[in-house]
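Step one of this worksheet: look at the structure below.
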Amino acid sequence: MKKSILFLPLVFSINSYAASMEVLHWWTAAGEYESQQVLENSLLDAQIKLRNFAIVGEGGDSAIRVLQMRALSGNPPDAAQIKGPDIGEWTKVGMLEEVGSIIDTSSWAEILPQTVRDTISFNGHYMAVPVNIHRVNWLWLNKKIFEQLKLPVPVTWDDFFAAADKIKAAGYIPLAHGGTAWQDSLLFESMALSLLGSEKYINAFVKHDPAVINSPEMIVVFEKFKRLKPYTAKGMVGKDWFQASTLLSTDKAAMQFMGDWAKGMWNASGKAAMSDYLCVDVPESAGLFSYNIDSFVLFEKHNFSNENKVQSTFAQTLLSPKFQTEFNLAKGSIPVRNDIPMESFDKCAQKSFQDFASSELVPSFTQNLASTSHVQNIMTKIISNYFNDPNADAAKTVKRLSLALRAVN
């Protein structure tokens, strides 16, 4: 009898969760960690134990390399954070579950915007489950510094450079910017979209039209992009985005170009939108929205008997109204569902939600939404090398970019 009593808690512990699920992602910074906890707790509520496979660094590039090695060895995780055209690349390999074969997706046409549905589809089938929408082309301002220096919100690039000069003269860092290639590329993307407009941006960075890439306008974009370099802080080589964002939240830097995942980090550290920091359109980009849509693919697995139930529960959890609200409040993003009330979200998220519905939408090429990660990495390297080489020539860089894209298309 005594042995039975001692044994009961052990049985309860083993069977307290119906199953576990290994999920690969790269949400490891503050704000991202809190949103990861929302995922873990939501799955626990559904009796699924999350086996967290988080890979740090390089904006997801490290995670993709690890995933490729796992997949080649025949042991992929149960789900992985894959987005944009890479969804199609993994589908072609024949390793992914079609979401519609696991859960009923008939309501998705009503609750998910067309852009979202197109992003997660391949050959007319849903091959991933979307979780959020990030806006990439934000300019963030440190409210304290702007008020102290009595600076207006920059609306044009001339406004921006004028403000940056005054900020630098006052002893602050004008532009918080990390020292990795993808951050350089994101900075370029924000400027390119504003100067080229949506049509030429898409022709250049989605369709890779050589006429646009080799145009005098593109050379101007690169030249103006290079003007941003002197406003960044020295000693940031190799520093990730959240380290740069900390410069803004600790009143050391006045501005930052970054997606709204930065807002998740600031909120987690006790900073508040419109009180401590401001969210404004990138100069000369009103009415334009560069988007990043996070999503998860499900791998075909045959190593546990209740796989379909676990996968279906996982997919349904990600799109539930409760998860959509709690996760995106933590992440800094906006819900992927169009029927989520936004009253509990801050002013920046509310603006993003409204802008997504009314703006010209373009996929972020720096976030793997416009091309495969292979093509994106090629562009990023060329852009970053130009930004960090004081002797690099804009016209030669444009030609190099054009030749590189021609080689992979």
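The values are calculated or read from the model by the stated rules, or taken from the named source; none is laboratory data. All values derive from a computational prediction rather than experimental measurement. We place every Cβ from the backbone using ideal geometry, glycine too, and count neighbours over all the protein chains shown. To get the accessible areas, we keep the full protein, side chains included, count just its heavy atoms, and leave off ligands, DNA and RNA. Shrake-Rupley method; radii C 1.70, N 1.55, O 1.52, S 1.80 Å.
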*Can you give the three extents of the C-alpha atoms in segment 155-275 along their principal axes, from longest to shortest, in whole Å?*
46, 30, 29
*Residue-wise, which Karplus ³J(HN,Hα) couplings in Hz belong to segment 147-152, taking 6.51 cos²θ - 1.76 cosθ + 1.60, θ = phi - 60°, and x for glycine or proline?*
6, 4, 8, 6, 9, x
*asked:* Principal axis extents for segment 39-196, Cα atoms only, whole Å, descending order, please.
replied: 59, 35, 35
_Simple spin-label estimate for HIS125 and GLU360 in nanometres, 7 Å along Cα-Cβ_ = 3.6 nm
_What does the net charge come to around ASP209 if you take all other residues with beta carbon closer than 13 Å to its beta carbon, with K and R at +1 and D and E at -1?_
+1
*Return one number: the angle in degrees, 0 to 90 and rounded to the nearest 10, between the long axis of the Cα atoms of helix 321-331 and the longest principal axis of the Cα atoms of the chain.*
40 degrees
*asked:* On a straight-distance basis, which aspartates and glutamates could pair with LYS331 in a cross-link, Cα separation under 13 angstrom, same-chain partners fewer than 8 positions away excluded?
replied: GLU32, GLU34, ASP260, ASP294, ASP346
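Going down the table (LYS229/LYS399; LYS239/LYS396; LYS301/LYS322; LYS239/LYS301), which pairs top 25 Å between alpha carbons? Can you show the working numbers first?
Working: LYS229/LYS399 21 Å; LYS239/LYS396 28 Å; LYS301/LYS322 28 Å; LYS239/LYS301 37 Å.
Check vs 25 Å cut-off fails for LYS239/LYS396; LYS301/LYS322; LYS239/LYS301.
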*For segment 102-137 and segment 313-392, what is the separation of their Cα centres, given in Å?*
13 Å
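Taking 2.2 N^0.38 Å as the expected size of a compact globular protein, what ratio does the Cα radius of gyration of segment 67-113 give against it, to two decimals? Walk me through the intermediate numbers first.
On the way: Rg = 12.9 Å, N = 47, 2.2 N^0.38 = 9.5 Å.
So segment 67-113 has a normalised radius of gyration of 1.35.
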*Excluding residues fewer than 8 places away in the same chain, name every one of the aspartates and glutamates whose C-alpha is closer than 12 Å to that of LYS226.*
ASP184, ASP389, ASP393
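With an 8 Å cut-off on Cα pairs and a minimum separation of 6 or more residues, tell me the relative contact order of the chain in percent. Each step should come with its number before you reach the end.
Numbers: 691 pairs, mean separation 110.6, N = 409.
About 27 percent, as a whole number.
If you wrap a convex hull around the Cα atoms of segment 253-393, how much volume per residue is inside, in Å³? Intermediate values should be presented prior to the final figure.
Details: hull volume 25.2 nm³, N = 141.
Spelled out: Cα convex hull of segment 253-393, divided by residues, is 179 Å³.
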*Quick one: Karplus J couplings for segment 164-171, per residue in order, coefficients 6.51, -1.76, 1.60, θ = phi - 60°, nearest Hz, x for Gly and Pro?*
4, 5, 5, 5, 5, 5, 7, x
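If you stretched the chain out fully between ALA395 and SER20, how much longer would it get, using 0.36 nm times the residue separation minus the C-alpha to C-alpha distance? Let's see the in-between values first.
Working: separation 375, 0.36 × 375 = 135.00 nm, distance 5.34 nm.
129.7 nm is the gain from fully extending ALA395 to SER20.
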*What are the semi-axes of the equivalent ellipsoid for segment 336-376, taken as the square roots of 5 times the Cα gyration tensor eigenvalues, largest first, in whole Å?*
27, 11, 9
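Before anything else, pin down the relative contact order of segment 309-387: Cα pairs under 8 Å, at least 6 apart, normalised by residue count, whole percent. Each step should come with its number before you reach the end.
Working: 29 pairs, mean separation 11.7, N = 79.
The normalised contact order for segment 309-387 reaches 15 percent.
How much net charge surrounds ARG400 when only other residues with a Cβ under 14 Å from its Cβ are counted (Lys, Arg +1; Asp, Glu -1)? Don't skip to the end; give the middle numbers.
Details: positive: LYS381, LYS396, LYS399, ARG406; negative: ASP389, ASP393.
Net local charge, ARG400 excluded: +2.
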*Show the residues, 5+ positions off or on another chain, whose built amide H is closer than 5 Å to the amide H of HIS177.*
ALA233
*Under the Karplus curve 6.51 cos²θ - 1.76 cosθ + 1.60, θ = phi - 60°, whole-Hz ³J(HN,Hα) for segment 398-409, x wherever Gly or Pro sits*: 4, 5, 4, 5, 4, 5, 5, 6, 5, 5, 9, 10
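Return the calculated 222 nm mean residue ellipticity for the chain, to the nearest 500 deg cm²/dmol, obtained by summing -39500 (n - 2.57) across DSSP H runs with n ≥ 4 and dividing by the residue count. Walk me through the intermediate numbers first.
Working: 18 runs with 201 residues, N = 409.
It comes out at -15000 deg cm²/dmol, rounded to the nearest 500.
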*What distance in nm separates the simple spin-label points at GLU300 and SER344, each placed 7 Å from Cα in the Cβ direction?*
3.9 nm
*Mind checking which lysines have their C-alpha under 19 Å from LYS143, skipping anything on the same chain fewer than 8 residues away?*
LYS166, LYS168, LYS252, LYS263, LYS271, LYS347, LYS351
*Among (i) 22.2, 86; (ii) 22.2, 71; (iii) 28.1, 89, which one is Rg and Dmax of the Cα atoms in Å computed from these coordinates?*
(i)
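Using the heavy atoms of the protein chains alone and a 1.4 angstrom probe, what is the accessible area of the chain per residue in square angstrom? Present the calculation step by step, with values, prior to reporting the outcome.
Numbers: 17260 Å² over 409 residues.
Accessible area per residue: 42 Å².
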*Find how much the distance from GLN37 to SER101 grows on full extension, using 0.36 nm per residue of separation minus their present alpha carbon separation; answer in nm with one decimal.*
20.3 nm
*Per the Kirkwood definition applied to all pairs of different Cα atoms, how many angstroms is the hydrodynamic radius of segment 331-409?*
15.5 Å
